[in-house]
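Just so it is clear, none of the values below were taken in a lab; they were calculated from the coordinates. For clarity, every value in this text was computed on a predicted model and none was experimentally measured. Reconstructed Cβ throughout: ideal geometry from the backbone, glycine too, with neighbour counts over all protein chains shown.
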């Protein structure tokens, strides 16, 4: 194998050492954070390409600097592929990340003081959906909906309707960061029509599942806008994107909000990497991959059921599981994250619905299958990983047991190396 980062090795030993350490961590460990994945060598090449040298303020055909003949080609490829993946007419691929995409979208379509109805963070939502710690809440009024029953995951759509009638939101926001089920998009649209609201889906977590036809596409049910990251299940570079189904007025407002409203020059090397990733996502192999993500998550769910560990919403219909390990095993989410890190399994602590513990030491853990599926894991391997997770948490103080688990994890990772090519 060719030596990694030869120029950094010669020039900057400290950074090189950190990169080598991360290389070993990723190669020898199991990655279960649902929002993380591995990208292909082609995506990494694009992200490190000569386009990092180029300023390209504006949009294809309407740039503020010269020398844009190739940047325009790349951005148009990314936009066209995104539109094909999600069956929509407009795509803005310039947002630097998911949160900035949401912020630009809000300011494009709303006025300060307008009301947004979104999922409560404690029930699976996201910080940018109106959590009080964000600056967004100083500008817009956020009201929230929750699950009717955290053990089944059913959204309380009747309450959502009543809140919508009372608060008259200008926007109804679907999407989540820790909700293991699919949403009933048609009910969102019905409620939105009743109060005259715009419908937006923050699909950051499941965009790849939508693109891969493993989960429903909100646009098929009448949604106006989708915002998303381009990494996670889409298996692209870290970045964001805003998609508009067919409303040209919305699309124009979004373009102006992204630039010059919130961002300057787009990160063209990342947009090139998005284009390459979207090309991979259009391949038949990607659809097989997306469906396998769901199968693998179900396999892990089965182990947790058998182990008597409570899962929020009772299991999963997508790529992630949210487990109440404190209530089931007496280990906090922070303890579980630390113990599993020690045996080579990476996931994240996470609050559960109506958690009585603090966010930095919550009752739950959140884990998912996008990255291990990229490595080639099938149901058999995912079941074994789930068994090892439970074993490690139950034996958190047994160093001998944890060492044996870590050795098995390393052996499994050698059997399924991180691939370099996806198509």
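Taking R0 as 25 Å, what's the FRET efficiency between residue 395 and residue 302 from their Cβ-Cβ distance, rounded to 0.05?
0.75
Who wins for biggest fluctuation among 89, 17, 252 in a Gaussian network model of the chain, springs between alpha carbons below 10 Å?
Checking each option, the largest mean-square fluctuation is seen for 17.
In whole percent, what relative contact order does region 45-281 give with Cα contacts below 8 Å and a gap of six or more residues?
Averaging sequence separation for qualifying contacts and normalising by length gives 31 percent for region 45-281.
Taking the simple approach of a point 7 Å from Cα along Cα-to-Cβ for both residue 420 and residue 252, what is their distance in nm?
Going from the residue 420 label point to the residue 252 one covers 4.8 nm.
With a point put 7 Å past each Cα toward its Cβ, work out how far residue 64 is from residue 404 in nm, to one decimal.
Simple spin-label model gives 6.3 nm for this pair.
For the chain, what does the relative contact order come out to in percent, with C-alpha contacts under 8 Å and a separation of six or more?
This gives 22 percent for the chain.
Could you calculate the contour length gain from residue 167 to residue 73, that is, 0.36 nm times the residue separation minus the distance between their Cα atoms, to one decimal place in nm? Don't skip to the end; give the middle numbers.
Values: separation 94, 0.36 × 94 = 33.84 nm, distance 4.47 nm.
In short, 29.4 nm is gained.
Separation of region 1-59 and region 350-423 by C-alpha centroid, Å?
23
Per residue of the chain, what 222 nm ellipticity follows from adding -39500 (n - 2.57) for every DSSP H run with n ≥ 4, rounded to the nearest 500?
Value at 222 nm, helices only: -13500 deg cm²/dmol.
What is the gain in length, in nm to one decimal, between residue 87 and residue 387 on full extension, counting 0.36 nm per residue of separation less the C-alpha to C-alpha distance?
So the extension gain works out to 104.1 nm.
Relative contact order for region 285-415 using alpha-carbon pairs under 8 Å, separation at least 6, rounded to a whole percent?
Working: 206 pairs, mean separation 36.1, N = 131.
RCO, region 285-415: 28 percent.
Please work out the FRET efficiency for the pair residue 338 and residue 24, using the Cβ-Cβ distance as r and a Förster radius of 25 Å; give the result to the nearest 0.05.
It comes out at approximately 0.85.
Starting from the Cα of residue 3, step 7 Å toward the Cβ, then list every residue of region 9-52 with an amide N under 18 Å from that point.
Under 18 Å, as judged by backbone N against the label point of residue 3, lie 9-24 of region 9-52.
When semi-axes √(5λ) of the Cα gyration tensor in Å is calculated directly from the model, which label among [x] 34, 30, 18; [y] 49, 24, 17; [z] 34, 24, 21 fits?
Matching entry in [x] 34, 30, 18; [y] 49, 24, 17; [z] 34, 24, 21: [x].
Modelled label-to-label distance, residue 12 and residue 282, 7 Å Cα→beta-carbon offset: nm?
Rounded to a tenth, the inter-label distance reads 3.5 nm.
Among 303, 43, rank each residue by its count of other Cβ atoms within 10 Å, from fewest to most, as a rough exposure measure.
303, 43
Full-extension gain between residue 57 and residue 158, please, as 0.36 nm times their residue separation minus the C-alpha to C-alpha distance. Display every interim value, and only then the final one.
On the way: separation 101, 0.36 × 101 = 36.36 nm, distance 4.53 nm.
Fully extending the segment from residue 57 to residue 158 adds 31.8 nm.
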